[in-house]
Amino acid sequence: MPTPLEELFVKTKSENRAALIGYLPAGFPTQKDAKSIVKSMIDGGVDAIEIGYPYSDPVMDGAVIQAASEQAISNGAGAEEVFELLKMSVSYGAPSVVMSYWSPIEKYGSAKFASSISAAGGSGVITPDLTIEESNQWANETANMSINRIYVVAPSTVDDRLSKVTSQCSGFIYAASLMGVTGARSSVSINAKLLVDRIRKFSDTPIAVGLGVSTKEQAMEVAKYADGVIVGSAFIKIIQENGTGRSGLKKIKYLAASLAEGVRNGR
Amino acid sequence: MASDKIITGIESTLLGHFGPYGGRFVPEALIAALDELSAAHISAQSDPKFQSELAELHRTYTGRPSILTEAKRFAEHAGGARILLKREDLNHTGSHKINNVLGQALLTKRMGKKRIIAETGAGQHGVASATAAALFGLECVVYMGEADTKRQALNVARMKLLGATVVPVTQGSKTLKDAINEAMRDWVTNVDTTHYLLGTVAGPHPFPTMVRDFQRIIGVEARSQVLELTGKLPDAVLACVGGGSNAIGIFHPFIDDKSVRLIGFEAGGSGLETGLHAATISGGSPGVLHGTRSYVLQDKDGQTVESHSISAGLDYPGVGPEHAYLNDIGRAEYRPVTDDQAMYAFSLLCKTEGIIPAIETAHALAGALEVGNELGKDAILLINLSGRGDKDVQTAAEYFGLPL
């Protein structure tokens, strides 16, 4: 049975556009606020939600997400908050996945983690630091579940490896646009398109580009060649700068709407 | 000599696994660099030119082989056992860290990279890295937790004098763990030009294997020095364990000598029962941190728990995966030593032998007092005196209430 995430990419393909995926760590800045933010993102036009599991040592994240994760952890966010927010996001109508470093998943028990994702109606899990060499157990445990395993590939991933990693992905392939950590950049690296073109040689799975996308113009540009556009730090920064009052949430919705327009007008 | 071969076969595959431990848990962006490093390490191991260049540096720059000192007056407090100190404190830059740094600096040149980054806790690895960078004409950036830059201010100045840039890390707990996170972020971003000169036997493959291979010269030398001096193998080999590089360096050549006990001493801080410690194997559980699976101090959600120790160099919530494995199969034992026990041994070595050890090393010396009394006067204990204590004078003076 296809996951809601897979169905989304069928739909956006038929509409000749890219999907917009928004990221937020669970429990940021509080669990209650996180729910309102996710709703505003979806209300504005975000197609799918990526719930981050806030982790103490996020080596792939830049300053914005690091600070958000620290805040969420100090507010007590853990597995329970991740699954709760996931459930809420799904019931609000968006296909949703969880992004988690491997340590929290392993500590929770990876098989149990996958079951909990499934039970919450989640479509899959993005594992940014689980290398393909360490993923056998995870693949076996999730083989008979209707959840997508999503791995990240990078501009430095050589062709042989690209073929191996992407063959293990379902739902979408997470293409890191640049060599670096998460966070807004003034422009999207040319490496993003080169990477997407290389992936197409090996895989028909949809490709979503993340890292460094924060504006409508950038979303438009990426939507020209990718199937999905992932935006995280830009949403979090709005909350860090404006709080979660009416004006903060309004700005979240506005950014989502503007990015949604971008992913519809790229082609 | 069987124990002198490079690889003992403990790591089961090219992926750097030690039983269930080790491996690679890193962003995909780093894989190409780790593969490149792994290939460079393997080819260097069998390249006589590389090996002779490294040996020459050891001889003419570091001052190897380091000597063995018998600590007779200290031994009187350790049940009368014979105590032999492997004097890594006499190396250039003052600790065992230089052994690994020179090896990796040569590999950096071999890979054609011009910039090195390093993390440091006590500052010893940072100083050694800055030293090698100066020697080889490499750019050097050292990440150091802000809290550590304060308690190890002397080493910060040393690194700057050597031409390195020291970046104080203000994220998280502001200690070694966070310095490693920042170094990894730098590496992900600048991997084309930069080598991450990791200072211990943790991190993703090939670091645990490679750093061990560069540190095992300690054990190789010590094994033959003890044999020459006493005519037999030691009964026990002792070392302090933070990440575990000095310990694996002296343990590794003895692994096949089944009669030799290998005992690592972790930082017990204020005591295991207080929760304020850095005794990862004694007080942690298996998990994933900084790219490797090993024992980790973590909470129920897999979040890393802050470690505590009077010694900045042992103040780390992880430990090398090979130690985790040696512990689980029972080949090595790991015990906690509290701050107070370590400082007692620190003071004792100063006053009985005229040697000021690093506070890290003092944990192994405290262990020697314990093990010596357990094994009795016929026992021979080999201890890795991994570093000298000049950098710790301020901390020690505060601890003992000496006016400065």
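The values are calculated or read from the model by the stated rules, or taken from the named source; none is laboratory data. In this text the structure is predicted, and so the values were computed from the model without any measurement. Backbone-built Cβ (ideal geometry, glycine too); neighbour counts: all protein chains shown.
Summary of computed values
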| quantity | calculated |
| --- | --- |
| Test: A:Glu141 is within 11 Å of chain B (Cβ to nearest Cβ) and more than 22 Å from A:Glu81 (Cα to Cα) | no |
| Scope the range A:154-170; condition among the charged types (D, E, K, R) and either closer than 11 Å to A:Ile132 by Cβ or within 11 Å of another protein chain (Cβ to nearest Cβ) (or both); matching residues | A:Asp160, A:Arg161, A:Lys164 |
| The range A:1-36: number of residues that are closer than 23 Å to A:Gln71 by Cα and under 15 Å from the mean Cα position of the chain (by Cα) | 6 |
| Selection count where residues are over 15 Å from A:Tyr23 (Cα atoms) and either crowded, with 18+ Cβ neighbours inside 10 Å or free of Cβ contacts under 8 Å to residues at least 12 places away in the same chain (or both), scope the range A:120-134 | 7 |
| Search result, residues across the range B:70-103 that are assigned to a strand (DSSP E or B) and of a type outside the set (Lys, Arg) | B:Glu70, B:Ile83, B:Leu84, B:Leu85, B:Ser95 |
| Check on A:Arg185, among the basic types (Lys, Arg), closer than 24 Å to A:Ser233 by Cα and away from every other protein chain (no Cβ under 12 Å) | no |
| Hey, A:Val64 touching a residue at least 60 places away in the same chain (Cβ under 8 Å), touching a Lys or Arg at 6+ places or on another chain (Cβ under 6 Å) and among the aliphatic types (A, V, I, L, M) or not | yes |
| Checking A:Leu85 against (1) more than 9 Å from chain B (Cβ to nearest Cβ); (2) farther than 28 Å from A:Asp204 by Cβ; (3) surrounded by fewer than 24 Cβ atoms within 10 Å (Cβ to Cβ), the condition it does not meet | (3) |
| Filter result (aliphatic (A, V, I, L, M) and buried (at least 24 other Cβ atoms within 10 Å of the Cβ)) within the range B:267-280 | B:Ala267, B:Ala278, B:Ala279 |
| Residue within the range B:328-344 that is within 20 Å of B:Gly249 (Cβ to Cβ), touching a Phe, Trp or Tyr at 6+ places or on another chain (Cβ under 7 Å) and of a type outside the set (D, E, K, R) present | yes |
| Criterion violated by B:Lys232 - all others in (1) over 17 Å from the mean Cα position of the chain (by Cα); (2) outside the structural domain of B:Glu360 (by the TED database); (3) not aliphatic (A, V, I, L, M) satisfied | (2) |
| Residue check, A:Thr30 touching a strand residue (DSSP E or B) at 6+ places or on another chain (Cβ under 7 Å) and surrounded by fewer than 24 Cβ atoms within 10 Å (Cβ to Cβ) | no |
| Members of the range A:62-79 that are at the interface with chain B (Cβ under 8 Å from one of its Cβ atoms) and within 16 Å of the chain's Cα centre (by Cα) | A:Gly62, A:Gln66 |
| Residue ranges of strands (runs of 3 or more DSSP E) in the range B:247-345 with at least 3 members more than 14 Å from every other protein chain (Cβ to nearest Cβ) | B:261-269, B:332-338 |
| Per-region count, the range B:20-57, residues assigned to a loop (DSSP other than H, G, I, E, B) and either of a type in the set (Phe, Trp, Tyr) or within 14 Å of chain A (Cβ to nearest Cβ) (or both) | 6 |
| Meets criteria (more than 16 Å from B:Lys114 (Cα to Cα), within 16 Å of the chain's Cα centre (by Cα) and either in contact (Cβ under 8 Å) with a residue 12 or more places away in the chain or not in a helix (DSSP H, G or I) (or both)) for B:Gly219 | yes |
| Odd one out for B:Glu11 among (1) in a loop (DSSP other than H, G, I, E, B); (2) at pLDDT 95 or above; (3) buried (at least 21 other Cβ atoms within 10 Å of the Cβ) | (2) |
| Failed condition for A:Ser214, given (1) farther than 27 Å from B:Glu182 by Cα; (2) of a type outside the set (D, E, K, R); (3) touching a strand residue (DSSP E or B) at 6+ places or on another chain (Cβ under 9 Å) | (1) |
| Residue within the range A:158-176 that is of a type in the set (D, E, K, R), touching a residue at least 24 places away in the same chain (Cβ under 8 Å) and assigned to a loop (DSSP other than H, G, I, E, B) present | no |
| The range B:358-381 residues that are among the polar types (S, T, N, Q), paired with ones that are part of a loop (DSSP other than H, G, I, E, B) (beta carbon under 7 Å, 6 or more apart) | B:Thr361/B:Ser386; B:Asn373/B:Ala78; B:Asn373/B:Gly79 |
| Residue within the range A:227-248 that is surrounded by 21 or more Cβ atoms within 10 Å (Cβ to Cβ), outside any loop (DSSP other than H, G, I, E, B) and of a type in the set (Ser, Thr, Tyr) present | yes |
| Single unsatisfied condition, B:Gly376 versus (1) within 27 Å of B:Thr149 (Cα to Cα); (2) at pLDDT below 95 | (1) |
